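K.L.:
One structure coming up, written as structure tokens, with questions to follow.
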Amino acid sequence: MQQRFDAIVVGGGPAGSSAAALLARNGASTLVLDKAKFPRDKVCGDGLTPRALYWLEELGCADEVLDATRSFITSADLFINGRSVLTGAFPANGMYPGFCILLERKVLDHIMIRHAVASGAILRTGCTVRSVRTTPDAAVVETTCDGVPASFEGRMVIGADGANSMISRALGNRIREGVTAVSMRGYFENVRVAGSHIQVHFDEPYFPGYGWLFCDDQGHANVGVGLAVDPLFPLQGSLHQIYDRFVSESLAVPLRHARANSKAKGGWSSFYRPDRIVAERVVLIGDAANLGDPISGGGIHMAMESAHIAAPILLNALDDDDLSPSSLGRYETAWNRRNEIDWKIGELFLTFAKNPHLRDVWLYVLNWIAGIARSDPRFQEFVGGIFSGGAQARSAFDPKIWLEVAPFDPRIWMGALSSSSSSGNLTELVPQSLEALRLMLRTLRAGIEFPGATWSWGSDIFQKTLGLAECYIRNELTTGPALAAGYIGGTNGNHHSWSAQ
């Protein structure tokens, strides 16, 4: 007789393994299906942000992850058009650790899926999901496991199968119909980095998007580029050529004596809300629900967080034997209360940034922000928190926070307008003002030359602005990071005194 599970988790990445561990340790019979054999590779930057480390600690496997890494990094270098403009530190005074680590996904995912199995979950690898159907009392997952057709029955299905989710498609969602980040990543050995071991590059050839170099203490580096595209503004040119140009030009110095030890691989993830993330006996979490951070592009911490938010609600639904959309929909409601405002701010930011005709304006603004951050530590910590995911995006619109972090010295603001680390003399404002005017005129001309795209983009901006305003009105109770532990129900209870080891 075929075993019937309480939950079938499709996908064994950070979202799926987190959900499986949280459900299994609380008594739910849990099956994890993954098409690959572990350990397996996954295209990713391999950086675990402070927020990701927090959720690993809550899950209970942070110690094993920290033992596996070769780098604890407390700062990052920002480059704009090949020039170093800022070295920023991760905020050290919040609820998250003041450092990030580097760990290849084939190692991280293997640790996390082993943790899920140790918590009581059953793992079946080599299983490609073909379809999902529901009956009045079950959800049936049809697969091909190691070339042999197989079906599995559960009371509910959790789709954690990434951006190209079969479970999402089964709910009727369309894949890649909104803003999508396409990326290419390679590995290098014998990399020599001066300064921080994290480099983030904003350059004209691959904006909207960025290039990165993440290097561990032994010279092993993850190098890649990612660009935001959608049907309105598709990718111009070859992603592989863009990657090759980034490696040969922007990273010529750190990679001078390096050698590539693998072929570059491509991947993608989307940043728009699908039509449905909850249905009868089915929920989507992580990248399957497009819940990555639209500002940084990071998906790992958001994937784990979605699992922690979902798990107690799914356990209650199993206990109540109510797996209807209204019951499971409490997961979506809980996620919205915690993250929707910040996610929609990020979505609006990405919608502005995706227009390539604004490239010069955005790079000018980023350079200005970096100039202010160089001169004021409080502002630098604030900006670092926003871009690393350690602070809520809504903080950028809070007047009280701005009064606390914005520098009051006008010389700092004037000096930041200069392309160099200057003192902010009034005479320097004239050429900078002329440069700003030139950029505005170029942008206006591009809008006139491409009226169709400009109109559609403007309409998209207007609709997302309205959506954000509605979200602010609807979410009268604003939940912050301090409420995060409430979603996981004290599942672990062991907490680090975080420090870079």
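The values are calculated or read from the model by the stated rules, or taken from the named source; none is laboratory data. This is a predicted model, so every value here is computed, not measured. Cβ sites come from the backbone with ideal geometry, for glycine too, and all protein chains shown count toward neighbours. Surface areas here come from the heavy atoms of the whole protein model, side chains and all, with no ligands, DNA or RNA. Shrake-Rupley method; radii C 1.70, N 1.55, O 1.52, S 1.80 Å.
K.L.:
Considering each residue of segment 42-76, count those that are among the small types (Gly, Ala, Ser) and open to solvent by less than 10 Å² (accessible area, probe 1.4 Å), and give that number.
P.N.:
Residues in segment 42-76 being among the small types (Gly, Ala, Ser) and open to solvent by less than 10 Å² (accessible area, probe 1.4 Å): 3 in total.
K.L.:
Moving on. Within segment 267-282, which residues are at pLDDT 95 or above and either aliphatic (A, V, I, L, M) or over 16 Å from Trp335 (Cβ atoms) (or both)?
P.N.:
Correct list: Ile277, Val278, Ala279, Glu280, Arg281, Val282.
K.L.:
Right, another one. Please verify whether Asp322 is at pLDDT 95 or above, open to solvent by 20 Å² or more (accessible area, probe 1.4 Å) and part of a loop (DSSP other than H, G, I, E, B), treating the condition exactly as stated.
P.N.:
Considered against the rule, which asks whether it is at pLDDT 95 or above, open to solvent by 20 Å² or more (accessible area, probe 1.4 Å) and part of a loop (DSSP other than H, G, I, E, B), Asp322 comes out as yes.
K.L.:
Then there is this: Go through (1) within 16 Å of Thr30 (Cα to Cα); (2) among the acidic types (Asp, Glu); (3) under 18 Å from the mean Cα position of the chain (by Cα) and name the single condition Asp287 misses.
P.N.:
Against the list (1) within 16 Å of Thr30 (Cα to Cα); (2) among the acidic types (Asp, Glu); (3) under 18 Å from the mean Cα position of the chain (by Cα), Asp287 comes up short only on (1).
K.L.:
Of everything in segment 185-221, what is touching a Lys or Arg at 6+ places or on another chain (Cβ under 8 Å), assigned to a loop (DSSP other than H, G, I, E, B), over 14 Å from Arg359 (Cβ atoms) and open to solvent by less than 40 Å² (accessible area, probe 1.4 Å)? Give them in sequence order.
P.N.:
Once the filter is applied, which keeps residues that are touching a Lys or Arg at 6+ places or on another chain (Cβ under 8 Å), assigned to a loop (DSSP other than H, G, I, E, B), over 14 Å from Arg359 (Cβ atoms) and open to solvent by less than 40 Å² (accessible area, probe 1.4 Å), segment 185-221 yields Asp216, Gly219, His220.
K.L.:
Could you list, in sequence order, all residues of segment 141-151 that are in contact with a Lys or Arg (Cβ under 8 Å, 6 or more places away or on another chain) and surrounded by 15 or more Cβ atoms within 10 Å (Cβ to Cβ)?
P.N.:
Correct list: Thr143, Cys145.
K.L.:
Here's something else I'd like to know. Looking at (1) more than 19 Å from the chain's Cα centre (by Cα); (2) open to solvent by less than 20 Å² (accessible area, probe 1.4 Å); (3) at pLDDT below 95; (4) not acidic (Asp, Glu), find the lone condition where Leu314 falls short.
P.N.:
(3)
K.L.:
Please pick out the residue among Ser17, Ser29 that is of a type in the set (Ser, Thr, Tyr) and within 20 Å of Asn164 (Cα to Cα).
P.N.:
Step by step, each of Ser17, Ser29 is checked, and only Ser17 is of a type in the set (Ser, Thr, Tyr) and within 20 Å of Asn164 (Cα to Cα).
K.L.:
Please give the number of the condition Leu53 fails out of (1) under 30 Å from His201 (Cα atoms); (2) at pLDDT below 95; (3) in contact with a strand residue (DSSP E or B) (Cβ under 8 Å, 6 or more places away or on another chain); (4) of a type outside the set (Ser, Thr, Tyr).
P.N.:
So the condition that Leu53 fails would be (2).
K.L.:
Does Leu328 meet the test of being open to solvent by 10 Å² or more (accessible area, probe 1.4 Å), closer than 19 Å to Phe5 by Cα, among the hydrophobic types (A, V, I, L, M, F, W, C) and modelled with pLDDT of 90 or more?
P.N.:
no
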